[in-house]
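Peer 1: Below is a structure I'd like to ask you about.
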Amino acid sequence: MISHLEFLLKYINEGLKPHMSNYRRLRARDVKKVAFKDLWYLFAPGDKVYDASAKQAFQVVGVRGGRALLSKSEDDDDRIKVASENDYAVEDLGPFIIDCFYLGFNGEELGPVNHSVRILPYDGEQAISNLRLYPLEYARMKVDVDDVAGDIPMEEHLSRRGQKFVAFLNPHEVAHREYVGFSVGNVREQIDSRVIIDMALYYEAHPDDQPTLGLMRPPEADRREIEERKTCRCPDCSGRRNIHIYDDRHIDSQRTNEFIAANSKNWRLIRDATGKLTPDQLSLLPAKAYGYVLRTRKWYELDVDKIMEVEQKPENFQDLVLPKMYKQLVEGMVRTHSRSVKPNASGKDETTQVQGNDLVRGKGKGVIILLHGVPGVGKTSTAECVAEYTSRPLFAITCGDIGENAQQVEQNLEENFQLAHRWGCVMLLDEADVFLQTRNKQDMQRNAVVSVFLRILEYYSGILFLTTNKVGTFDEAFKSRIHLSLYYPPLNDDQTKAIWEVNLARLKRYHPGLDIEDRSIMTWVKSLIRERERDNFRPWNGRQIHNACQTAASIALFQDEGKLTLEHFEIVSQASMAFDQYLRDVHGTDDSGRAKRAQDRDDQFWDNQLDYEHGFESSSRRDKDNYISFGRRREHRQYGMADDRYQSDSEDGGHRLSQYARHSRDEPGYSYTQGSQRSNRRPQHAERMPGQDRQDSRRRRRRLPSLDRPISGWESDSDLQDSRRGDRPDLPTRNPKRHNTFED
């Protein structure tokens, strides 16, 4: 008996000692390579492991497989033949399977998500860090913080990343972030844009991608590891088994069950994860999150490590070259609406004040601001800077994102409006004139699109900016839907100089190594401004100035001179002006002339209600003193137009004219002050010369209508185009018996 015990101890010390030593070294993480047959020692229930390709950490629940399969199967693709310790023997090995889990989010709760990783057999030893899944202790994270590069433990990095992921789940805050890099998953695209992380909404729209929460026991190991089935199919041998390996699967199952029982309380479903997760739990949170890319308006799988906080630049709003009154109006309306209705990530409004006093519930809660005027004067930039200044996402769409027919327009508009309102975005519909054009009797499809747009605008409860440079094409019904309409005239001298100064200052910030000769450049800019006196010259707008600065800087950097001089801008200017002159020769006029001819807009319009104290000035020198005061001519009395522009409703038959006339100097019946001189021109319809009607028609000048037609919209507050076509009588017809009254 004693001899048997001595033999057993000798076998343990001599036969098992190498295996025990190898086991201790692998568990202590003191080795860098491991053979396939020793993977059992490397992984155990409760270990944290790392998948480098997915950048995801897991916790091991159990391991199985990796042994020789006693029964051969030609259908098993996972097994390969490797040489055993006996050079003449060959074994069929099955894959080594690691059953593990990570913490996932299904749109409502956090919980464990089961995962399995298979490591195929390999020959010899392999570096542990090259395995598909390896212990977390072998992982290091390279960081570069404050220009100091180094490595930190992977678990520390994963814990920080988990805190970032938890911040995305806050239902009371919109996760507005910045993303630069490639997306992950099946679709990989380069992204450089602001994003919204809203996984609850994503899973609501894509339920098939929703993970299944709950820790499940892994399946049993392959029975062929302990059983050998006879290949003979005769009745005597059929079904017989030759069991010659001890069945130790119950030991693995017992270890797995003990781990699950001991940690079941830690992995219960968590509905509100804010401030409740331990560092171990934080390290197991997902490495990817679903986000909505605002630039492309699509959902992507995003790398959490590349999702950054938005660097707000509120100074951009102050740098915006706009009249002070415009800034105050826009900022006031946006901030007032923001205080009244506060959307959150749950999609519900947190109303702090009584919102909307419309008779119909749900209408009138939004703010719609129209920005119209010439291109390149800051309309789109106003919306962008307002979003930045108020720390709100900018949701910009174009007419190409909406569709062509009424059904597409309705579906796409409602979808985009819902997203913008859910996230509290400042919404921008750029070049909105395509879908806001005047309805007519010939194009029923466009009429349907306009009608759909009108209805959706009424029920939109967010902030919407509309920009256009063709406001003359708008349907009159949109006037009552717009809360604030701001006109952006061509840039005046001071605005032009200010935009140049802002762009040169930005070049200095973004290219500190570039020496900019700003004095000589600004002197050249002032000489360009003086060219306004020429009738055929139009200075650059804001966008052209920005592009010119970027192009000139690119030329300077390409030449590697390190200096931005006047010569670089002259090169850009010559090319630009040559192109502008070519277009003027083709069309016979400039862009403003073509717009006026097509009745898209009037770049010479000036509103005498806005004075110079608020930063408004005329866009050209020769018009600076024009349109300051208007007086009604006596010739208008015979057409029912009052002498006094402050005439009451009762005095003009209930059809009060606009308090302030908005005519250019060539409009009939109005006199204007130019300096100290007063012009008393007769209206254009008086004492007309033969052929003058035809000339005026070519110039598209407006005249007072005949006695049996209503006065045009600018005089009567009715729609100009509709009243001219005679679609409806906006003013009562003239009574031929009474020359100075209207009949009801």
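The values are calculated or read from the model by the stated rules, or taken from the named source; none is laboratory data. Everything numeric in this text was worked out from a predicted model, so none of it was measured. Please note: Cβ atoms are built from the backbone with ideal geometry, for glycine as well, and neighbour counts cover all protein chains shown.
Peer 1: Within region 288-302, can one find any residue that is closer than 30 Å to residue 47 by Cα and either at pLDDT below 85 or charged (D, E, K, R) (or both)? Please lay out each step first, then the result.
Peer 2: Quick first cut of region 288-302, residues closer than 30 Å to residue 47 by Cα only: 288-290, 301-302.
Cutting the leftovers down to either at pLDDT below 85 or charged (D, E, K, R) (or both) gives us 288, 301.
Yes, some residue in region 288-302 is closer than 30 Å to residue 47 by Cα and either at pLDDT below 85 or charged (D, E, K, R) (or both).
Peer 1: Another question, if that's okay. Can you spot a residue in region 492-499 that is over 30 Å from residue 367 (Cβ atoms), assigned to a loop (DSSP other than H, G, I, E, B) and either of a type outside the set (Lys, Arg) or touching a Pro at 6+ places or on another chain (Cβ under 7 Å) (or both)? Steps first, please.
Peer 2: Taking region 492-499 first, the residues over 30 Å from residue 367 (Cβ atoms) are 493, 496-497.
So of that shortlist, the ones also assigned to a loop (DSSP other than H, G, I, E, B) come out as none.
No, region 492-499 contains no residue that is over 30 Å from residue 367 (Cβ atoms), assigned to a loop (DSSP other than H, G, I, E, B) and either of a type outside the set (Lys, Arg) or touching a Pro at 6+ places or on another chain (Cβ under 7 Å) (or both).
Peer 1: In addition: Filter region 439-460 for residues that are buried (at least 20 other Cβ atoms within 10 Å of the Cβ) and in a loop (DSSP other than H, G, I, E, B) and give the result.
Peer 2: 460
Peer 1: Go through (1) of a type outside the set (Ser, Thr, Tyr); (2) free of Cβ contacts under 8 Å to residues at least 12 places away in the same chain; (3) on the phi > 0 side of the Ramachandran plot one by one and return the number of the condition residue 578 breaks.
Peer 2: (3)
Peer 1: Then there's this: In region 393-438, which residues are in a loop (DSSP other than H, G, I, E, B) and either touching an Asp or Glu at 6+ places or on another chain (Cβ under 9 Å) or more than 14 Å from residue 366 (Cβ to Cβ) (or both)? Outline the logic, then answer.
Peer 2: Taking region 393-438 as the starting set, the residues that turn out to be in a loop (DSSP other than H, G, I, E, B) are 393, 398, 402-405, 423-425, 430-431, 436, 438.
Across region 393-438, the qualifying residues are 393, 398, 402, 403, 404, 405, 423, 430, 431, 436, 438.
Peer 1: In region 202-228, which residue that is within 23 Å of residue 268 (Cα to Cα) and hydrophobic (A, V, I, L, M, F, W, C) is surrounded by the fewest Cβ atoms within 10 Å (Cβ to Cβ)?
Peer 2: The qualifying residue surrounded by the fewest Cβ atoms within 10 Å (Cβ to Cβ) is 216.
Peer 1: Now for a different question. Working carefully through the options 173, 156, find the one that is surrounded by fewer than 20 Cβ atoms within 10 Å (Cβ to Cβ) and assigned to a helix (DSSP H, G or I).
Peer 2: Values: 173 fails: assigned to a helix (DSSP H, G or I).
The conditions single out 156.
Peer 1: Report yes if residue 404 is modelled with pLDDT under 85 and touching a Ser or Thr at 6+ places or on another chain (Cβ under 9 Å), otherwise no.
Peer 2: no
Yes or no, residue by residue, for (1) without any contact (Cβ under 8 Å) to a residue 12 or more places away in the chain; (2) in the same structural domain as residue 577 (by TED's automatic domain parsing):
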site: 444; (1), (2): yes, no
site: 460; (1), (2): no, no
site: 472; (1), (2): no, no
site: 475; (1), (2): no, no
site: 482; (1), (2): no, no
site: 518; (1), (2): no, yes
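Peer 1: I want to confirm something. Restricting to region 286-311 and keeping residues that are among the aromatic types (Phe, Trp, Tyr) and touching a helix residue (DSSP H, G or I) at 6+ places or on another chain (Cβ under 8 Å), which single residue is farthest from residue 198 (Cα to Cα)? Reasoning before the result, please.
Peer 2: Of region 286-311, the ones among the aromatic types (Phe, Trp, Tyr) are 290, 292, 299-300.
If we keep only those that are touching a helix residue (DSSP H, G or I) at 6+ places or on another chain (Cβ under 8 Å) too, we end up with 290, 292, 299.
Numbers: 290: 7, 292: 7, 299: 10 Å.
Going through the qualifying residues, I end up with 299.
Peer 1: Note down all Cβ pairs under 7 Å where the first residue falls in region 213-227 and is within 24 Å of residue 108 (Cα to Cα), the second is among the small types (Gly, Ala, Ser), and they're at least six residues apart or on different chains.
Peer 2: 213/104; 213/111; 214/111
Peer 1: Would you call residue 573 out of contact with any Ser or Thr (no Cβ under 8 Å at 6 or more places or on another chain), at pLDDT 85 or above and more than 24 Å from residue 495 (Cα to Cα)? Before you say what the answer is, go through the steps one by one.
Peer 2: Working: out of contact with any Ser or Thr (no Cβ under 8 Å at 6 or more places or on another chain): yes; at pLDDT 85 or above: yes; more than 24 Å from residue 495 (Cα to Cα): no.
Criteria not met by residue 573.
Peer 1: Only residues that are at pLDDT 80 or above and touching a His at 6+ places or on another chain (Cβ under 7 Å): list them for region 303-329, please.
Peer 2: Result: 310, 324, 325.
Peer 1: Output the qualifying pairs, or none if there are none: Cβ atoms under 9 angstrom, residues six or more apart or on different chains, first residue in region 275-297 and part of a loop (DSSP other than H, G, I, E, B) and polar (S, T, N, Q), second residue at pLDDT 90 or above and surrounded by 19 or more Cβ atoms within 10 Å (Cβ to Cβ).
Peer 2: 296/191
Peer 1: Right, here's the next one. Give the residue, chosen from 555, 529, 545, that is more than 24 Å from residue 373 (Cβ to Cβ) and either in contact with a Lys or Arg (Cβ under 8 Å, 6 or more places away or on another chain) or modelled with pLDDT of 60 or more (or both). Walk me through how you get there before you give the answer.
Peer 2: Working: 529 fails: more than 24 Å from residue 373 (Cβ to Cβ); 545 fails: more than 24 Å from residue 373 (Cβ to Cβ).
Step by step, each of 555, 529, 545 is checked, and only 555 is more than 24 Å from residue 373 (Cβ to Cβ) and either in contact with a Lys or Arg (Cβ under 8 Å, 6 or more places away or on another chain) or modelled with pLDDT of 60 or more (or both).
Peer 1: Between a first residue in region 554-565 that is free of Cβ contacts under 8 Å to residues at least 40 places away in the same chain and a second residue that is surrounded by 12 or more Cβ atoms within 10 Å (Cβ to Cβ), which pairs have beta carbons less than 6 Å apart while being 6 or more apart in sequence or on different chains?
Peer 2: 555/568
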